Structure formats: structure tokens, C-alpha cells
Amino acid sequence: KQEVTQIPAALSVPEGENLVLNCSFTDSAIYNLQWFRQDPGKGLTSLLLIQSSQREQTSGRLNASLDKSSGRSTLYIAASQPGDSATYLCAHDRGSQGNLIFGKGTKLSVKP
Amino acid sequence: EAEVAQSPRYKITEKSQAVAFWCDPISGHATLYWYRQILGQGPELLVQFQDESVVDDSQLPKDRFSAERLKGVDSTLKIQPAELGDSAMYLCASSFNNSPLHFGNGTRLTVT
């Protein structure tokens with residue numbers, strides 16, 4: 001069974017810190033990898049999509065990398081802000097972008 | 001920005017009752033997805049539509065769940081009869097031409 005593991009499950013940091021969220025997957029045939037943000041009781045917002053041929057994507061203070069050979073992806077958040085507090089989920093697909101396999105997420109709390 | 005609309009926002013029902021959820025995707029999005037997210041877990045795909053046709057329903061518990069998208073626009077997901085283990089967030093998402101998924105805010109179902 002394909003599995004996606006996210007470490008840590010929860011993280012609390014002071015405002016301004018740079019931080020890294022980790023995602024590992026067992027499926028060597030992944031196609032795309034995505035990072036999502038989920039606020040409490042809400043749906044998911046796509047943050048970054050790394051296609052199979054790419055190794056990283058950047059958007060503002062966010063940078064995501066993908067290493068398919070080691071089965072790992074990281075999400076780097078620079079200069080964290082209280083508004084970054086949310087659950088961050090990674091997910092991959094096998095060529096059909098809608099059939100996503102999700103991790104359980106990392107719950108991030110940024111303290112002012 | 002256009003959004004995926006879902007209703008109701010919350011639903012409480014007794015076990016063995018029938019329940020239905022509605023989703024209106026972003027206009028022009030041919031692909032529609034229903035995901036189920038149990039508390040503390042990542043979402044899992046239940047069914048995927050391309051226009052009015054089911055593309056993937058391999059993880060849909062067909063003895064009690066049904067989904068339709070009759071005109072290829074909005075969609076309904078039904079559970080009959082509901083069981084305690086069906087308590088979860090039901091998320092609808094849509095996409096266009098393999099673009100990243102846009103999620104609605106979900107329907108939170110509680111079965112008592």
C-alpha cells in the first residue's frame with residue numbers, strides 16, 4: 001500500500017523562525033507532488049506543485065523540493081508568521097492529478 | 001476568485017438515516033472529485049468524475065454510498081444508511097485540464 005509520512009506531526013515555533021516540514025513516500029512511481037495548507041474546519045489550499053521533471057518550486061516565502069530517488073520532499077518556510085499557523089499536507093499522484101495520496105499533515109503553530 | 005461551493009456546511013444525522021451532500025464546482029472545471037477526511041487523517045479519494053462520467057470509484061463503499069453528476073456540472077454524494085464510522089469531513093474539489101485541485105470548505109458530517 002502506498003504511504004505518505006509527514007514528520008513532525010506538530011510543530012510550534014516563535015515568529016520569525018525559518019522551518020522545514022518533511023514528507024516521505026514509499027511509491028517510487030510518483031508523478032507530481034503537492035503541498036497543501038488546511039485551516040481548521042476548512043478545505044485545502046494548494047501551495048506548491050512539483051511536477052515529475054522538476055526538483056523544486058518556490059512561491060514567496062515557501063520553497064518545496066522533491067527527491068524522487070530517496071522518496072522525500074521538504075517544505076521550507078522562511079521568516080514564519082502567526083498567519084502561517086495551519087496544517088500542512090503533502091500528497092502525490094501517479095499521473096492523475098486528482099487521485100492524490102495524502103499524508104496526515106503537520107500542524108504548525110507560529111507564536112507571536 | 002471563483003470557489004467550489006458545498007452545502008450543507010454541517011450535518012448531524014442518526015445512524016441508519018440517509019444523508020446527501022451537494023457540490024458546485026468552479027465553472028468550466030470538467031473534473032470533479034469527492035474526498036473523505038477523517039479527523040486527524042489526510043483526505044482519501046472516494047470518486048472522480050470527468051464531466052458526467054465516473055472515472056474512478058474504486059474506493060467508494062458502493063453498498064451505501066452513491067454519487068452522481070447528471071449534467072456534468074454540480075454533483076451529489078449520498079449515504080444510505082449512514083453508520084457511525086461515516087463521521088468525517090466530505091470535501092469536494094474540481095480541476096481543469098490537470099491543473100491543481102481547488103477544494104471547497106467541505107461538509108462536516110456527524111453520525112450519532
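The values are calculated or read from the model by the stated rules, or taken from the named source; none is laboratory data. Owing to the predicted nature of the structure, the values given are computational and were not obtained by experimental measurement. All Cβ positions, glycine included, derive from the backbone under ideal geometry; neighbour counts span all protein chains shown. Remember, those area values only see protein heavy atoms, side chains included, never the ligands or the DNA or RNA. Shrake-Rupley method; radii C 1.70, N 1.55, O 1.52, S 1.80 Å.
Quick notes on this structure:
- Qualifying positions in segment B:58-112 - among the small types (G, A, S), part of a loop (DSSP other than H, G, I, E, B) and at negative phi: B:S58, B:A82, B:S87, B:S99, B:G104
- Failed item in (1) surrounded by fewer than 15 Cβ atoms within 10 Å (Cβ to Cβ); (2) within 14 Å of chain A (Cβ to nearest Cβ); (3) of a type in the set (A, V, I, L, M), with B:L70 passing the rest: (2)
- Conditions (1) assigned to a strand (DSSP E or B); (2) in contact (Cβ under 8 Å) with a residue 24 or more places away in the chain: number failed by B:G28: (1)
- Conditions (1) within 23 Å of A:L89 (Cα to Cα); (2) assigned to a loop (DSSP other than H, G, I, E, B): number failed by B:W34: (2)
- Taking the criterion of being within 11 Å of chain B (Cβ to nearest Cβ), charged (D, E, K, R) and in contact with a Lys or Arg (Cβ under 8 Å, 6 or more places away or on another chain), no residue of segment A:64-112 qualifies.
- Matching residues, segment A:6-25, being surrounded by fewer than 15 Cβ atoms within 10 Å (Cβ to Cβ) and either touching a Lys or Arg at 6+ places or on another chain (Cβ under 8 Å) or in a strand (DSSP E or B) (or both): A:I7, A:A9, A:A10, A:S12, A:P14, A:E15, A:V20
- When segment B:20-46 is filtered for residues that are in contact with a Phe, Trp or Tyr (Cβ under 8 Å, 6 or more places away or on another chain), over 17 Å from A:E3 (Cβ atoms) and open to solvent by 50 Å² or more (accessible area, probe 1.4 Å), only B:G28 remains.
- Looking only at residues of segment B:5-50 that are among the charged types (D, E, K, R) and within 12 Å of another protein chain (Cβ to nearest Cβ), we find that the one that is farthest from the chain's Cα centre (by Cα) is B:R9.
- When residues of segment A:71-112 are limited to those that are open to solvent by 50 Å² or more (accessible area, probe 1.4 Å) and in contact with a Gly (Cβ under 9 Å, 6 or more places away or on another chain), the one farthest from A:L21 (Cα to Cα): A:Q81
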